[in-house]
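The values are calculated or read from the model by the stated rules, or taken from the named source; none is laboratory data. Computed from a predicted model, the values in this text were never measured in an experiment. So basically every Cβ, Gly included, is an ideal-geometry build from the backbone, and we count neighbours across all protein chains shown.
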Amino acid sequence: MKITRIETYVCHARMRNWIFVKVLTDQPGLWGWGEATLEWHTKAVVGAIEDLSQLLIGEDPRRIEHLWQMMYRQHFWHGNGIVRGTAISGIDIALWDIAGKIHGVPCHELWGGRVRDYVRLYCHLGGGRMEDFYETSPADANRFAALAVQAVEQGFTAFKSMAVPETMSLEGLQPVKYAEACVRAMRDAVGDQIDIMVDCHARPSPRMGLLFAKALEPYNLYFFEEPCWPETMDDIAMIQRAVKTPIASGERLVGVYAFREMLEKRAVSVIQPDITHCGGLTEARRITALAEAYRVSVAPHNPQGPISTAASLELGFATSSYIICESVHQDVPWRNEVVNEGFSLQEDGRLIFPNKRPGLGIEINEEEVKKHPFQTEILQRTFYKDGSVGDW
Ligand SMILES: [Mg+2]
């Protein structure tokens, strides 16, 4: 059995271009789907996949670990960078899809079988319309409360919000009070039965991140995400030691080595590997195995397209420490025309039940994808009030 071709399909889905990866084999009707979506780097990732395909054409697709090692270690440059890591991930996910199809079982059956009955989902406030959320002026506490109630009405028992405003490396009391008011309003609106998460997008400095974490501690967040740059692991650890709130991070990390540092430093209570960036399902399984040794929970970053979601769910059904999956459920109205998914959703509670189809259980309609060609993503240009550069 040989890999004969690796194709990419770019599908513009409002906020981002989904990059679907199709690995074809010399067996009639046998191919695998992966995803390698990386906003603002679409052309670079498509090019990186084309470069990597030179290594893989003619190779046996069943040798997933061997091919992963080739992709990571050959061509001299290791695969730690986000573009190469994403390209490797897209191909690796497709190889696991092929493996499941060869054996006629879902991917989670290949990894020791199902460890849970369902996977719980959480949403973003705004129903996934994140770009609208960011473009409008800062929301007030009442708006956050209304969005929180709406999420609960849609069946979610957990949601994430961007209640921490952008700040310079040090600002006074106002942004901290603002964040506290927004979280208090959400908690008052939904009560104690609903899990609230706050994502800082790693915008704050370590000191501001600590001030926000301390201020929000009384509201018992399910987790507090990326309180400062992931480049400064000691600072994330400092914040985690200072509060009882579980700290989460890891969506921008590539490779088990980066997560090893995060875990060794006890920096977080929740790791958030992104399966389309961290090195695919092969590397995600190494990362989650390492996290198991530290009894750290797993909640994958998953705001991309449907193949990323399918891969994240397959991992969830085979990973005991997996607690919840991110979902963007209202991204494009034509989602079901582009993709056919093997999972079933219970709207009440937003629970996903296992895929019973082989592999990832997903098929992509290539003709529908072609109706949504590449468009440049909305440029994110964030500046503080004095004109200096901020993080988006
Ligand atoms: Mg995040």
Next item on the list: Please state which one of I247, I275 is within 25 Å of I307 (Cβ to Cβ), of a type in the set (V, I, T) and within 15 Å of the ligand (Cβ to nearest atom).
Entry: I275
Note to self: Going by what's in this entry, would D192 be described as more than 16 Å from the ligand (Cβ to nearest atom), of a type in the set (D, E, K, R), in a loop (DSSP other than H, G, I, E, B) and modelled with pLDDT of 95 or more?
What the structure shows: yes
Note to self: Tally up the residues in segment 269-323 that are part of a loop (DSSP other than H, G, I, E, B), crowded, with 24+ Cβ neighbours inside 10 Å and hydrophobic (A, V, I, L, M, F, W, C), please.
What the structure shows: 4
Note to self: Could you tell me how many of the residues in segment 137-169 are closer than 27 Å to R207 by Cα, of a type in the set (A, V, I, L, M, F, W, C) and surrounded by fewer than 16 Cβ atoms within 10 Å (Cβ to Cβ)?
What the structure shows: 1
Next item on the list: Spot the failing condition for G81; the list is (1) surrounded by fewer than 16 Cβ atoms within 10 Å (Cβ to Cβ); (2) at pLDDT below 95; (3) in contact with a Ser or Thr (Cβ under 9 Å, 6 or more places away or on another chain), and only one is missed.
Entry: (3)
Checklist line | Those residues of segment 253-268 which are within 23 Å of C107 (Cβ to Cβ) and in a helix (DSSP H, G or I), in sequence order | finding: V256, F259
Next item on the list: Could you figure out which of (1) more than 14 Å from the ligand (Cβ to nearest atom); (2) crowded, with 21+ Cβ neighbours inside 10 Å; (3) free of Cβ contacts under 8 Å to residues at least 40 places away in the same chain isn't true of R241?
Entry: (2)
Next item on the list: Kindly list the number of the only condition in (1) touching a Lys or Arg at 6+ places or on another chain (Cβ under 8 Å); (2) over 12 Å from R285 (Cα atoms) that fails for P333.
Entry: (1)
Note to self: Tell me whether segment 366-387 contains one or more residues that are under 24 Å from A289 (Cα atoms) and either modelled with pLDDT of 95 or more or hydrophobic (A, V, I, L, M, F, W, C) (or both).
What the structure shows: no
Notebook entry, point to check: Which numbered condition trips up R203, out of (1) touching a residue at least 60 places away in the same chain (Cβ under 8 Å); (2) of a type outside the set (D, E); (3) more than 16 Å from the ligand (Cβ to nearest atom)?
Noted result: (3)
Note to self: Consider segment 278-308. How many of its residues are under 27 Å from P333 (Cβ atoms) and either more than 16 Å from the ligand (Cβ to nearest atom) or among the basic types (K, R) (or both)?
What the structure shows: 3
Next item on the list: Give G34, G29 a once-over and let me know the one that is of a type in the set (G, A, S), surrounded by 18 or more Cβ atoms within 10 Å (Cβ to Cβ) and within 13 Å of I98 (Cα to Cα).
Entry: G34
Checklist line | Residue count for segment 250-272, restricted to those that are within 14 Å of the ligand (Cβ to nearest atom) and without any contact (Cβ under 8 Å) to a residue 60 or more places away in the chain | finding: 7
Next item on the list: Within segment 343-352, identify whether any single residue is charged (D, E, K, R), in contact with a helix residue (DSSP H, G or I) (Cβ under 6 Å, 6 or more places away or on another chain), assigned by TED's automatic domain parsing to the domain that holds C278 and crowded, with 24+ Cβ neighbours inside 10 Å, and answer yes or no.
Entry: no
Margin query: Among the residues in segment 380-388, are any of a type outside the set (S, T, N, Q) and within 16 Å of the ligand (Cβ to nearest atom)?
Written below: no
Next item on the list: Check whether at least one residue in segment 160-177 is closer than 11 Å to V198 by Cβ, within 16 Å of the ligand (Cβ to nearest atom) and not in a loop (DSSP other than H, G, I, E, B), and report yes or no.
Entry: yes
Next item on the list: Within segment 207-238, work out how many residues are under 18 Å from E264 (Cβ atoms), outside any helix (DSSP H, G or I) and away from the ligand (no atom under 13 Å from the Cβ).
Entry: 2
Check: Is one or more of the residues making up segment 88-106 under 25 Å from S321 (Cα atoms), buried (at least 24 other Cβ atoms within 10 Å of the Cβ) and of a type in the set (V, I, T)?
Finding: yes
